[in-house]
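Report on the structure given below.
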Amino acid sequence: MYTATYVTKSKVEPAAVQPASDPSPTNAHEWHIDETADSEADATPALASPPEKQIGMDTFVQQLFSHHNLHLWMAVSTIQVFNCHFNSNFFSLFTKFFFGNNGSPLLQSTMVYLSTVGPHLLVVACTPLLYRYGLHSLLNMLFVVKVVLSSCALMLNFVTDAAFVVPLYLMLGKVFNEVVCRHGNLAVSDLTDEDYVRNARHLSVSAMMVGIVNFVTKPGQSAAPMLTWALLPAHVTDDVIDEADAADRQTLAACVVATPLVCGLLQLLLWRRFTLRGPVLAAVKRRRADLDECDAARTRGGADITV
């Protein structure tokens, strides 16, 4: 039978071994195959790998606290959740508020429809960019677009009194924000792989990672509508929205546009410190593939695995 031993390079014994399957310098482990002449009666293999190390909750929490990229993503995601709900929860109210008597119901409903369908189309359009440049570069570009759109809308708001400026910005901002949200699961997947490699886990904690990110980012979902109601003039509701004067519209427009601008700038600053990209991400993926191969050989019959 064949006995497969998966060891580190520093522990290789002088024996007849085959070269590593991955010759890249980033691969820190090798597969070494020794052929033996065991009898048919000894066909059932024995797993020589050490028992899985059980860790306590305190150790697991320490591992999470030391995961730098996870902290950055939770901060970016919290801001993103806040921004998405800031724009989307009151999108129809804002549209009616800024259009006033200048926008027909057909135009307003068309903008709502485009803001709903647009994210699906843009996600499809961004797929080639995702494969070519990677997730980090794609999200960085989307954050830059958010900042540019907010800056242009903020300047136009003080230069012109056109009623379509802020509603058009709200529609585009909602589309790009939702595209960022739809790519968030890919970032969590990469962070799960990094956690798996950093802590040499036998099982992935993907469900735990998703739960932690959602738990931390949930307050942004509640804070957004609270801030929105605070910004709205006291007499403005869906029934008496026409009572708002020009000063109310000018002030609210500045707040509605400046808030996503600040969010985008904060996200850009945080996202530039996110190191799980490029060669680092490729090395994590290769190491994860090596560990998966080791675990697959562990569960198959006919292999003696030492990690």
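The values are calculated or read from the model by the stated rules, or taken from the named source; none is laboratory data. All values derive from a computational prediction rather than experimental measurement. All Cβ positions, glycine included, derive from the backbone under ideal geometry; neighbour counts span all protein chains shown. SASA here: full protein model, heavy atoms, side chains in, ligands and nucleic acids out. Shrake-Rupley method; radii C 1.70, N 1.55, O 1.52, S 1.80 Å.
With a Förster radius of 41 Å, plug the Cβ-Cβ distance of GLN221 and ARG300 into 1/(1 + (r/R0)^6) and report the FRET value to the nearest 0.05. Rounded to the nearest 0.05, the efficiency is 0.35. Note on SER137 and ARG198: the model spin-label points, each 7 Å out from Cα along the C-beta direction, lie 2.5 nm apart.
Starting from the residue with the highest accessible area, list VAL124, VAL145, VAL284 in decreasing order, probe 1.4 Å.
VAL124, VAL145, VAL284
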